Amino acid sequence: IEYLKKFEEHPLGQTQFENMDFNFYPMNRPIGFALQSDTTHCVIMAGCELNLRLYRGENKDNPDFSPTIKRNGLKPGDLKHCFEWIKTEEFKNFFKESIYYKMLSEIDIEGFHFEPNLDAIAQHYDFKTNYLDLTQSRLVAQFFAMTYYDEEKSQILPIKDFTHYKPIIYDIKITDLYKLKPQAFKIIGIQPLWRPLQQFAYAIDTSIFEEDLKKYFNRTEMKPDPEGARWTYKFFNGGKTLLPDERIQDSIDKLKHTKFNNKIVVQEHLLFEYCKKFKLNFNEYRSKMSKLYYVTDKKKFVMFPNEIEIVNNYLQSSLIPFIKKNVVPFNENYLMKIQ
């Protein structure tokens, strides 16, 4: 952040990239930069280290910036809210024990170990969290502003009829966002799976704020443009570039839908944690949940040995070599050059 504050004062920083997407930068630039997060760990920022702005695209003029755990009427104490909260925690626990986490957390970059962000991974794979997605790419934000999810077809499609949609892109300088509450600012970038990198992801942990953050963002309302929506949709291969098919999806589906006695299984100890967090009577609430879900700690989803071997081979042959080849330690050498 101090580095970016210096860059803001440079003529290039004062005019930089407000109408240009980082996709147009030279291809020989590193894809990721490792930044120290504590005495032993680092995070990996994806994209251009000189981009001061973050973006968010929405296809409707929503009244506020609601994280996924608060959308569609979800609120603490509701059984559906409880179920979504538990499934998110189940996924995070599963992932931390998985070969994905183990292999990536062992990567050494200049003496620091990579630290996966479990909440961010959960958020990017359709679990409900307090994170609000941002991206370093205006074009990625444009994709989410100019498309919608068709429930009947179960797929993302470009907007053709703008009667019920109003595409909007929000942007904010990283330095301004960081001022609000530094601990809420999350660099997601490269993770043990592809989606966060493809989306050049950042996030805000909204649980740290009591106010809505939308007022701090610049707002750009896009014109109704079916051809532009179609172009953006094709540019990202119908969304497959940003939301690639990955092997982890099989594990996610099983974790979300595994049943016993025709009821989806939820972990009892996590139900206890939920009641403790939201000040609910555990026995009474467990009785309510048991009518809809199978509450137990005796049934737990795990990855089978053959799946572990497949994932291990993929990590060893693909993702880990990619990170080692394309990620460099962050430094101020480039700033010195332009000065």
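Computed values, structure above
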read-out: Note, ³J(HN,Hα) from phi for region 249-258, Karplus 6.51, -1.76, 1.60, rounded to Hz, x at Gly and Pro; value: 4, 4, 5, 4, 4, 5, 5, 6, 10, 4
read-out: Alpha carbon convex hull of region 198-252, volume per residue in cubic angstrom; value: 151
read-out: Cα-based helix-to-principal-axis angle, 226-235 vs the chain, degrees rounded to 10; value: 80
read-out: Centre separation in Å (Cα based) which lies between region 47-70 and region 263-304; value: 33
read-out: Carbon/sulfur fraction of accessible area - the chain, other protein chains in place, 1.4 Å, %; value: 49
read-out: Computed FRET value (nearest 0.05) for N262 with H113, which takes r as the C-beta separation and R₀ as 45 Å; value: 0.55
read-out: Heavy-atom accessible area per residue - the chain, 1.4 Å, Å²; value: 53
read-out: Interchain or long-range residues, amide H under 5 Å from H41's placed H; value: H113
read-out: Loop GluC sites (Glu not before Pro), region 303-333 (other Cβ atoms within 10 Å of the site Cβ: 14 or fewer; DSSP); value: E332
read-out: Among I168, I31, I248, residue whose mean-square fluctuation peaks in a GNM of the chain (springs only between Cα atoms under 10 Å); value: I248
read-out: Region 132-263, relative contact order in percent, only Cα pairs under 8 angstrom and at least six apart counted; value: 32
read-out: FRET efficiency estimate (nearest 0.05) - Cβ-Cβ, K276 to Q36, R0 35 angstrom; value: 0.55
read-out: Helical mean residue ellipticity (222 nm; -39500 (n - 2.57) per DSSP H run of 4+; nearest 500) of the chain; value: -10000 deg cm²/dmol
read-out: Residues with amide H under 5 Å from that of R53, placed H, sequence gap 5 or more; value: I174
read-out: Exceeding the 21 Å Cα-Cα cut-off - candidates K214/K276; K60/K181; K87/K259; K92/K240; K128/K215; K166/K215; value: K214/K276; K60/K181; K92/K240; K128/K215
read-out: Helix 268-277 vs. the chain, principal-axis angle (Cα, 0 to 90°, nearest 10); value: 60
read-out: In order through region 40-51: 3J(HN,Hα) via Karplus (6.51 cos²θ - 1.76 cosθ + 1.60), integer Hz, x for Gly, Pro; value: 10, 10, 9, 10, 10, 7, 9, x, 9, 6, 9, 7
read-out: Point-charge dipole on Cβ atoms (K/R +1, D/E -1) for the chain, about Cα centre, debye to 20; value: 760
read-out: For region 232-339, fraction of C-alpha pairs farther apart than 25 Å, in %; value: 56
read-out: Under Karplus coefficients 6.51, -1.76 and 1.60, residue-wise ³J(HN,Hα) of region 318-327 in Hz, glycine/proline x; value: 10, 5, 5, x, 4, 5, 5, 7, 10, 10
read-out: Sites R286 and K181, calculated FRET efficiency, Cβ-Cβ separation with R0 30 Å, nearest 0.05; value: 0.30
read-out: Potential lengthening between K215 and N237 on full extension [0.36 nm per residue; Cα-Cα distance subtracted]; value: 4.6 nm
read-out: Per principal axis, descending, Cα span of the chain in whole Å; value: 65, 52, 37
read-out: Rounded tilt (10° steps) of 305-314 against the dominant C-alpha axis of the chain; value: 0
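The values are calculated or read from the model by the stated rules, or taken from the named source; none is laboratory data. Please read all numbers here as calculations on a predicted model, not as lab measurements. Heads up, the Cβs are rebuilt from the backbone with ideal geometry, glycines too, and the neighbour counts pull from every protein chain shown. Surface areas here come from the heavy atoms of the whole protein model, side chains and all, with no ligands, DNA or RNA. Shrake-Rupley method; radii C 1.70, N 1.55, O 1.52, S 1.80 Å.
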